[in-house]
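Written out below as C-alpha cells is the structure these notes cover.
No value in this document is a laboratory result; all are computed from the given coordinates. Please read these numbers as outputs of a predicted model, since none were measured by experiment. Backbone-built Cβ (ideal geometry, glycine too); neighbour counts: all protein chains shown.
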Amino acid sequence: MIHLLSRLPAGARVLDLGAAAGSFPDVRPGVLVVRLDLKFDPGGAAGCLVRGDAARLPFANGVFDLLVSNHSLEHFVELEAVVREMGRVARPGAGLYVAVPDAGTLTDRIYRWIGRGGGHVNPFRKPAEVIVPIERLTGLSHRATRDLYSSLSFLNNHNVRGWGPKKLLLFARGDERFLAVLLWSLRTVDRVFGSGWSRYGWEFHFGAADPGEARDPWVNVCVRCGAGHSEEYLREQASGWRKFGPVESYRCPACGGFNLFSAEPVRRTRRTQP
Ligand SMILES: [Zn+2]
C-alpha cells in the first residue's frame, strides 16, 4: 500500500488497524500514522501507538484520510463492529486498504496448521465476503481486488527464533533455499495448469484508495521479507542474478533474501468502475 501513502497530502492522517509491530513503515514526514492494537511488542512499532479495541475506536468521527487493515480483519472477533467503526472514523472521501488471507489456500492452511489456528477467527473464502460487508457498513465503494501471492516467510528460519515448531522439520527447518525452490515449483505448476497453489489471499481498495498504475499480480514475493516486486523493478534493483539452466535466482532488493524468479502471468486485477 506504499503507493497510497505516497499520494497523501501533508497533514493527512492514517490509521494502521491491528498493526502489532506496524504493518508498513512510516514512508513520509508530514503524514501522521496512528497504529492501534490491543498490545504492542516491546521494541516493535514506532510512531504514534494507541492501545485500544478496534471494535470501540477511541477516535472522533471522520478524522482519518486513509485506513489500513493489513492482515488484521481475519483476527477480529467482533468483525461487524470493527468494520462499522472503520466507517465512522473515516472522513468523507477517505480511502481504505484491506488485505486478508484466503482461508482456502494452501499457504493459509499451512500457516494455521503451524500456528495452531494462527489467531484467525474469520475465514474468508471469496472476495465478496470482504467486499459486501465493508461497502454496507462503511459506505466506501469497492475500487479493485488484487490477488496476493505466497511468500512462506513465516516458515523461513531467518524469521523463526530458535528451531521453531517441530512441524518446521517438514520444511527443511525453514531453509531459505528449500523454500525458494518450493515457491518456484508451486508458481510453475500454477502457470502450467492454472491452479492456485501459490496464491495466498487478496488486497482490496475502497473509496479514494486508487490502485493506480500498480502492476499486478506480483507473483515474485520474497521468501524472507514477504515484499512483492514487479519484474520491471527486480530487473533494475535486484542484485546477485544467477542462472541455473532455465531458472534465475536473485537477491531481494529489500532484504537480500535468496529467491527464484518466476515469469508474471496475465493481469488479473478486477476493477469496479466508480
Ligand atoms: Zn526480501
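Of note:
- Separation of the residue 241 and residue 121 label points, Cα + 7 Å toward Cβ, nm: 4.8
- Taking 51, 224, 88 in turn, the Gaussian network model of the chain (Cα-Cα springs below 10 Å) assigns the largest fluctuation to 51.
- Expressed in units of 2.2 N^0.38 Å, where N is the residue count, the Cα radius of gyration of the range 96-166 is 1.35.
- Net length gained if the chain between residue 48 and residue 191 were fully extended (0.36 nm per residue, minus Cα distance): 47.2 nm
- Fraction of antiparallel bridges per DSSP, the chain only, in percent to nearest 5: 60
- Ascending count of other beta-carbon atoms within 10 Å, so fewest first, for 105, 188: 188, 105
- Listed by chain and number, the aspartates and glutamates whose alpha-carbon sits under 19 Å from that of residue 167, ignoring those within fewer than 8 places in the same chain, are 108, 175, 176.
- Where labels lie 7 Å past Cα in the beta-carbon direction, separation of residue 233 and residue 128 in nm: 3.2
- Of the chymotrypsin sites (Phe, Trp or Tyr not before Pro) found in the range 123-209, the ones in coil according to DSSP and having at most 13 other Cβ atoms within 10 Å of their Cβ are 163.
- Under a model in which nothing but the beta-carbon of Lys, Arg (+1) and Asp, Glu (-1) is charged, the range 187-264 shows a dipole of about 480 debye around its Cα centre.
- Acute angle (nearest 10 degrees) that the helix 128-138 long axis makes with the longest principal axis of the chain, alpha-carbon atoms: 20
- Converting phi to 3J(HN,Hα) with the Karplus coefficients 6.51, -1.76 and 1.60 and the offset θ = phi - 60°, the range 218-229 yields 9, 6, 7, 9, 5, 6, 9, 9, x, 6, x, 9 Hz in sequence order, with x at every glycine or proline.
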